[in-house]
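Reading through the structure tokens given below for one structure.
The values are calculated or read from the model by the stated rules, or taken from the named source; none is laboratory data. Quick caveat, the model's predicted, so the values are computed rather than measured. Backbone-built Cβ (ideal geometry, glycine too); neighbour counts: all protein chains shown. Ligands, DNA and RNA are excluded from the accessible area calculation, which covers all protein heavy atoms including side chains. Shrake-Rupley method; radii C 1.70, N 1.55, O 1.52, S 1.80 Å.
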Amino acid sequence: MTLNEVVHVLEGELVCCAEKDSMEITGVCASDLMSDVLAFGTAGSLLITGLTNAQSVNTAEVADVVAIAYARGKRPADSVLLLAEEKGMPVILCGLSLYEACGRLYEHGLVSGSEIREPQ
Amino acid sequence: MSDDPEIMLRERFSIQGGDFGRAGRVSTTIKSMLKQIGFPAPLIRRVAIATYEAEINVVVYADRADVTFEVTPTVIRVILEDEGRGIADLDLAMQEGYSTATDEIREMGFGAGMGLPNIKRNADDLEITSEVGVGTTVRITVLAGE
Ligand SMILES: Nc1ncnc2c1ncn2[C@@H]1O[C@H](COP(=O)(O)OP(=O)(O)O)[C@@H](O)[C@H]1O
Ligand SMILES: [Mg+2]
């Protein structure tokens, strides 16, 4: 699915790096815990999160996440959006809950961008 | 630090404890440098993840750190030598889920006790030495020549 289609399905708004809207998204990783994204996220994924600080952008860059969607109407500070723009990291703002955002993308055929792990 | 004659690149950085605004700068800089050299993306990703978790730990738990980043044809090394409280029980700290993090740190998306296990998972070799009240040294090695 392209980034543009993701924006459409999420009824969101692409506020960073709009020129990358035809980029291919291969999976989704959803978490507010950045260590989880670092441990189990897979490269090439979209990160859906409610965490809006600079570490969400740094984590995405470090983990080879290719775009970030902030759920439930959350808007990162301008400094965070600027950091994303600098790093060439597309950012989607969307009003859906984390659950709804994931559900819709799954329904549209986007698979998990996160490893499965048995309970310890 | 080694005097490895094969060193292609050596860079020094420093990290300031408590500087949440800049946390991540060293790891993302190292990532860019490795990209420029042309290492494969999955290898770079492992180095970046391990370094980033270690960098966050310095920002959160230590006063400051010197970071040495070395690249040879066969290994990538990142050494973080911090000054700070140190770690009393290393085996305990390495356990997944063990954390002394505060709510402030959890709000940053960390503090679930997964940092050191994440570093271990991504490094080919991890050496940690620590002295309480003095500091902690984390040596991350990733093999490059595969
Ligand atoms: N550089 C450090 N200096 C002092 N203590 C540290 C350092 N790194 C880790 N620790 C201790 O080890 C614990 C586990 O670290 P980690 O696995 O990264 O999990 P987390 O950071 O989520 O707590 C920390 O909660 C802290 O008590
Ligand atoms: Mg940690």
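Descriptive notes on the structure:
- With the whole protein complex present, B:ARG64 retains an accessible surface near 60 Å², based on a 1.4 Å probe.
- Chain A: C-alpha gyration tensor shape, a/c 1.5 cut-off, then a/b vs b/c: rounded
- Only beta bridges with both residues in the protein assembly as shown are counted; by DSSP, about 75 percent of them are antiparallel.
- Counting, for every residue in A:32-43, the Cβ atoms of other protein chains within 10 Å of its Cβ and taking the mean gives 6.
- Solvent-accessible surface of protein heavy atoms, probed at 1.4 angstrom with all chains present, puts B:VAL60, B:VAL142, A:VAL111 in the order A:VAL111, B:VAL60, B:VAL142, largest first.
- Here B:GLU83 and A:TYR106 are evaluated by their C-beta separation; at R0 = 41 Å the FRET efficiency comes out at 0.30.
- 33 Å tail of the calculated P(r), the protein assembly as shown, as % of Cα pairs: 20 percent
- Taking B:MET33, B:MET94, B:MET108 as the candidate residues, the one with maximal mean-square fluctuation in a Gaussian network model of chain B, Cα springs under 10 Å, is B:MET108.
- Calculated FRET efficiency for the pair A:TYR99/A:ASP78, C-beta based, R₀ 25 Å, to 0.05: 0.35
- Under 13 Å, Cβ to Cβ, from B:VAL71 - net charge with Lys/Arg +1 and Asp/Glu -1: 0
- Pairwise label distance in nanometres, B:ARG10 with A:ALA18, each label 7 Å out on the Cα-Cβ vector: 4.9 nm
- Inter-centroid distance (Cα atoms) of the stretch A:29-93 relative to the stretch B:84-146, Å: 23 Å
- Over chain B, all Cα pairs binned in 10 Å intervals from 0 give whole-percent P(r) values of 12, 45, 34, 10, 0, listed from short to long.
- Here A:LYS87 is the anchor, and the lysines within straight C-alpha reach of less than 17 Å, apart from those fewer than 8 places off in the same chain, are A:LYS20, B:LYS31, B:LYS35.
- Near A:THR52: Cβ cut-off under 11 Å, other residues only, Lys/Arg at +1 and Asp/Glu at -1. The net charge is +1.
- A helix-only calculation puts chain B at -10500 deg cm²/dmol for mean residue ellipticity at 222 nm, using -39500 (n - 2.57) for each DSSP H run of at least four residues, averaged over all residues.
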